[in-house]
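Here's the structure, in structure tokens; my notes come after.
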Amino acid sequence: MSRKTDAGSFVVLVVDDEKNTREGLRWALESSEVTVLTAANGLEALEILRQQPVDLVITDLRMPEVDGMQLLRHIRRDMPHVAVVILTGHGTIENAVDAMKEGATDYLLKPVNIDELGLLVERIRRTQSLERENIELRERVQQLYGFENIVGRSAAMLEVFEKVRMVAPTRASVLIYGESGTGKELIANAIHQNSPRRTKPFVKVNCGALPLTLLESELFGHEKGAFTGAVTMRRGRFELADGGTLFLDEISETAPEFQVKLLRVLQEGEFERVGGSQTLKVDVRIIAATNKRLDQLVQEGNFREDLYYRLKVVEIDLPPLRERVEDIPLLVEHFLEEFSKYYGKPKPRVPPAVMTALQNYHWPGNVRQLRNVLEGAFVMSSGEITLKHLPNEIHAEKRSENYIRLPVTASLEEAQRLLIQAALTYNRGNRAKTARQLGIGRKTLYRKLAEYGIE
Ligand SMILES: Nc1ncnc2c1ncn2[C@@H]1O[C@H](COP(=O)(O)OP(=O)(O)OP(=O)(O)O)[C@@H](O)[C@H]1O
Ligand SMILES: [Mg+2]
């Protein structure tokens with residue numbers, strides 16, 4: 001009944017209880033690029049479909065056992081990528097129309113016109129190969145430009161992705177800088193997950209949360225009796241991370257004494273447990289994160305310069321969300337999708353006015369704050385998120401009112417006039433305040449108001 005398929009060729013399965021129809025279609029379709037399989041009824045067809053890949057099923061409707069309609073439903077449910085074309089006589093067009101409603105791609109009238117058949121098969125073949133290309137392309141883009149769960153298409157984020165891709169396979173230390181909630185930990189994780197160390201531990205230490213002595217024993221471990229309370233020996237995070245990655249969060253908050261010890265591990269890969277004399281060796285890749293500018297702390301003498309250079313072999317700067325507002329719609333989509341799965345409730349619509357409000361807000365807490373705001377709105381909304389689901393500060397902030405837009409072709413005089421006018425409005429007509437804000441004397445302001453004819 002069936003024939004072996006060549007890899008890469010387009011496979012058509014013809015299902016009809018009349019042998020003549022089957023063989024006729026095989027004769028019409030078979031070529032170097034098209035392989036034709038045949039089955040005498042729906043049951044046989046399902047059997048073949050379970051055994052080998054098929055691109056297109058051309059099926060009669062009325063057949064014994066499983067009929068064409070049942071076959072169609074099976075295929076739509078279990079093999080959504082397989083196209084189905086219905087064969088029908090002139091008397092049974094309504095049935096073909098029903099089949100189209102159930103997801104058939106098209107129908108052909110019997111007796112089959114060979115040219116029509118050829119065109120239809122060619123069209124389906126092209127559509128499917130385009131779809132396949134699209135899927136491949138999407139996967140490639142995802143590989144090239146994104147990491148699982150990290151959303152962004154702004155130039156700044158694409159640059160971050162590029163750096164992550166370059167640095168992940170190496171063992172270079174990475175310093176990640178970004179305001180709170182910009183995704184530093186997410187990026188650190190992505191670096192680890194895309195490195196050869198991915199099967200080994202990713203260990204996180206929040207350096208800001210612990211006082212010096214605790215931080216030391218946390219990182220390096222301690223021997224039994226090293227200090228009061230050290231009743232047993234304890235391994236530190238460095239040992240636990242052996243072979244993997246150690247993520248040092250809030251590195252700017254560490255004390256100078258600690259920085260010296262850290263530098264030694266980074267340079268020599270060696271350390272001792274607190275209260276111990278045995279030197280331990282580990283193979284650990286370091287990723288550090290900070291929301292303070294370390295270069296400034298170095299200049300002010302508050303961070304060791306040698307450690308700074310050790311840590312920032314590669315530096316990744318995560319821009320604040322307000323500087324990449326084009327990522328906001330993507331993030332909104334991403335988070336609503338996540339909440340929809342988590343809460344088992346359909347994803348609400350986000351009308352343009354709401355999206356604009358989200359894009360205008362300055363997001364001091366960055367992506368984390370956006371996620372929290374959306375979660376609140378998601379829970380409160382049904383079907384659509386409206387402005388009233390957003391916290392007051394977000395829709396109250398109409399940044400546009402405090403900004404002026406200028407064509408770059410404007411004259412300096414025109415720019416001055418617009419700025420003075422806007423400043424006066426902003427200060428509700430208070431001239432003293434306006435002059436102070438503009439950094440000019442009151443008399444100068446009066447003169448300019450008269451000159452530009454501003455009331
Ligand atoms: N580009 C992004 N795509 C998807 N989710 C993101 C992105 N950036 C951040 N997030 C999410 O935002 C939240 C905050 O991210 P993360 O904890 O990595 O930030 P952080 O910079 O380490 O913050 P902090 O400085 O407060 O420690 C997390 O829930 C994270 O999953
Ligand atoms: Mg963090």
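Only the coordinates and a few stated rules stand behind these numbers; no lab work does. Owing to the predicted nature of the structure, the values given are computational and were not obtained by experimental measurement. Virtual Cβ from ideal backbone geometry, glycine too; neighbours counted across all protein chains shown.
Quick notes
- Label-to-label distance, E413 versus R132, with points set 7 angstrom from Cα along the beta-carbon direction: 6.9 nm.
- Helical runs (DSSP H, four residues minimum) scored at -39500 (n - 2.57) apiece and divided by the length of the chain put the mean residue ellipticity at 222 nm at -14500 deg cm²/dmol.
- Reach of K184 by Cα under 22 Å, taken over lysines that are not fewer than 8 positions away in the same chain: K163, K200, K204, K292, K312
- Here each label is just a point 7 Å from Cα along the line to Cβ, and for R123 and E23 those points are 3.0 nm apart.
- Using distinct alpha-carbon pairs, which all enter the 1/r mean, Kirkwood radius of region 102-253 in Å: 20.2 Å
- Those lysines that a straight Cα-Cα span of less than 20 Å connects to K443, excepting residues fewer than 8 apart in one chain: K433
- Rounded if a/c under 1.5, otherwise prolate or oblate - region 10-137, Cα gyration tensor axes: rounded
- Between the alpha-carbon centres of region 295-363 and region 405-435 there is a gap of 33 Å.
- Once the Cα gyration tensor of region 404-452 is diagonalised, semi-axes √(5λ) in Å: 19, 12, 8
- Percentage of interatomic Cα-Cα distances in the chain larger than 39 Å: 55 percent
- Restricting region 140-227 to chymotrypsin sites (Phe, Trp or Tyr not before Pro) that sit in a DSSP loop and have at most 14 other Cβ atoms within 10 Å of their own Cβ leaves F227.
- Inter-label distance, nm, simple model (7 Å from Cα along the C-beta direction), Q437/A209: 4.3 nm
- Derived from the Cα gyration tensor, the three semi-axes of the equivalent ellipsoid of region 322-400 are 20, 13, 11 Å, largest first.
- FRET efficiency, K341 to Q193 (Cβ-Cβ, R0 22 Å, nearest 0.05): 0.55
- Anisotropy class of region 301-455 from Cα gyration tensor, a/c 1.5 cut: oblate
- FRET efficiency for the pair M79 and R153, taken as 1/(1 + (r/R0)^6) with r the Cβ-Cβ distance and R0 = 41 Å, rounds to 0.80.
- A Förster radius of 45 Å combined with the Cβ-Cβ distance from E272 to L387 puts the calculated FRET efficiency at roughly 0.15.
- Anisotropy class of region 186-226 from Cα gyration tensor, a/c 1.5 cut: oblate
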